[in-house]
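Q: Here you go, one structure.
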Amino acid sequence: MSSAFLALWNDIDRPEARAEYEAWHALEHVPERVGLPGFVYGHRYVGACGYFTLYGLESLAALDSAEYADVIANPTPWSARMRPRLSAFMRRPCLLQVQVGASSGAALTTLKAVTTDAQAWAAQAARWAEQAVRQGRLLRVTAGVVPVERCLHYPVGGERIVEQAQGEVTVVMLAEHLDGPACAQGSQWWADRMQAHHLEKPQQRDFVLQTRVYRSQLALPASGRLPPMMELMAGYADC
């Protein structure tokens, strides 16, 4: 069971690196992360605006473990090569507030906004999410809040976030449906009803599922990290 999630948006700096990025991210990077203590799953998505990755966490304490600190400080050779390729990077660790819907969908819409009343926002998000699923407007809805103390920096110096005004809280909303148009429409319906609880219009982006990895399906070593995929990396040496 997850009580938190980590949401990440990014693109890559040049189109010719896309094939290598796809192989590295799907086959080495996300499984490595999901194999860490406290990680439950990793879902990868792609859209016109880039990529979105969602990690389910037992709790936000998963991001404080020695094992997580190690993969950040000591990346695999392939990760070290790919980090400079990432662009438009955005990272949001969230406490789970809402999860409605028994089914999941291939189409995903992400919405990010700011509220000054996280408690009221969460109550309204749950109310309208339940109605959206009950009416078939969305298959599944997930939403969370970013604790202020986790919102201001990324440990390897990626995105730098301007400090928020006193009392403001970043919120992340994820909506799933059968296809892109239906998901975008359902997400807009939900966002419209949440507007009174946002200080800004939610930033909305659309994606489609690429791969899923679950910790329970990984062949984890008795100790340490999953081994790097050096042979596969070597195939992209001239890219």
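The values are calculated or read from the model by the stated rules, or taken from the named source; none is laboratory data. Because the structure is a prediction, the values reported are computed rather than measured. A quick note on method: Cβ atoms are made from the backbone with ideal geometry, for glycine too, and the neighbour counts reach across all protein chains shown.
Q: Do the conditions hold for residue 2, that is, is it within 17 Å of residue 212 (Cα to Cα), polar (S, T, N, Q) and surrounded by fewer than 20 Cβ atoms within 10 Å (Cβ to Cβ)?
A: It is true that residue 2 is within 17 Å of residue 212 (Cα to Cα), polar (S, T, N, Q) and surrounded by fewer than 20 Cβ atoms within 10 Å (Cβ to Cβ).
Q: Next question. Can you find a residue that is modelled with pLDDT of 80 or more, surrounded by 14 or more Cβ atoms within 10 Å (Cβ to Cβ) and in contact with a Leu (Cβ under 8 Å, 6 or more places away or on another chain) anywhere in segment 150-160?
A: Within segment 150-160, none of the residues are modelled with pLDDT of 80 or more, surrounded by 14 or more Cβ atoms within 10 Å (Cβ to Cβ) and in contact with a Leu (Cβ under 8 Å, 6 or more places away or on another chain).
Q: Do you know which residues across segment 24-39 are in contact with a Phe, Trp or Tyr (Cβ under 7 Å, 6 or more places away or on another chain) and not in a loop (DSSP other than H, G, I, E, B)?
A: 24, 28, 33, 34, 39, listed by residue number.
Q: Another one. Within the bounds of segment 35-53, is there any residue that is β-branched (Val, Ile, Thr), surrounded by 22 or more Cβ atoms within 10 Å (Cβ to Cβ) and more than 16 Å from residue 106 (Cα to Cα)?
A: Among the residues of segment 35-53, not one is β-branched (Val, Ile, Thr), surrounded by 22 or more Cβ atoms within 10 Å (Cβ to Cβ) and more than 16 Å from residue 106 (Cα to Cα), which makes the answer no.
Q: Just to verify a result, which residue in segment 54-66, among those that are among the small types (Gly, Ala, Ser) and part of a helix (DSSP H, G or I), is surrounded by the fewest Cβ atoms within 10 Å (Cβ to Cβ)?
A: 66
Q: Which residues, counting only those in segment 75-92, are surrounded by 16 or more Cβ atoms within 10 Å (Cβ to Cβ) and either outside any strand (DSSP E or B) or modelled with pLDDT of 95 or more (or both)?
A: 75, 76, 78, 79, 81, 82, 85
Q: Now for a separate question. State whether the residues of segment 164-176 include one that is in contact with a helix residue (DSSP H, G or I) (Cβ under 8 Å, 6 or more places away or on another chain), part of a loop (DSSP other than H, G, I, E, B), modelled with pLDDT under 90 and not hydroxyl-bearing (Ser, Thr, Tyr).
A: Yes, some residue in segment 164-176 is in contact with a helix residue (DSSP H, G or I) (Cβ under 8 Å, 6 or more places away or on another chain), part of a loop (DSSP other than H, G, I, E, B), modelled with pLDDT under 90 and not hydroxyl-bearing (Ser, Thr, Tyr).
Q: Also: Residues of segment 48-74 being at pLDDT 95 or above and closer than 16 Å to residue 24 by Cβ, which ones?
A: If the condition is that a residue be at pLDDT 95 or above and closer than 16 Å to residue 24 by Cβ, then 50, 51, 53 are the ones that fit.
Q: Another question, then. Out of everything in segment 118-134 that is touching a helix residue (DSSP H, G or I) at 6+ places or on another chain (Cβ under 7 Å) and either aromatic (Phe, Trp, Tyr) or more than 12 Å from residue 172 (Cβ to Cβ) (or both), what residue ends up being surrounded by the most Cβ atoms within 10 Å (Cβ to Cβ)?
A: Looking at residues that are touching a helix residue (DSSP H, G or I) at 6+ places or on another chain (Cβ under 7 Å) and either aromatic (Phe, Trp, Tyr) or more than 12 Å from residue 172 (Cβ to Cβ) (or both), I get 129.
Q: In segment 82-103, which residues are among the basic types (Lys, Arg) and either touching a Cys at 6+ places or on another chain (Cβ under 9 Å) or under 20 Å from residue 64 (Cα atoms) (or both)?
A: 91, 92
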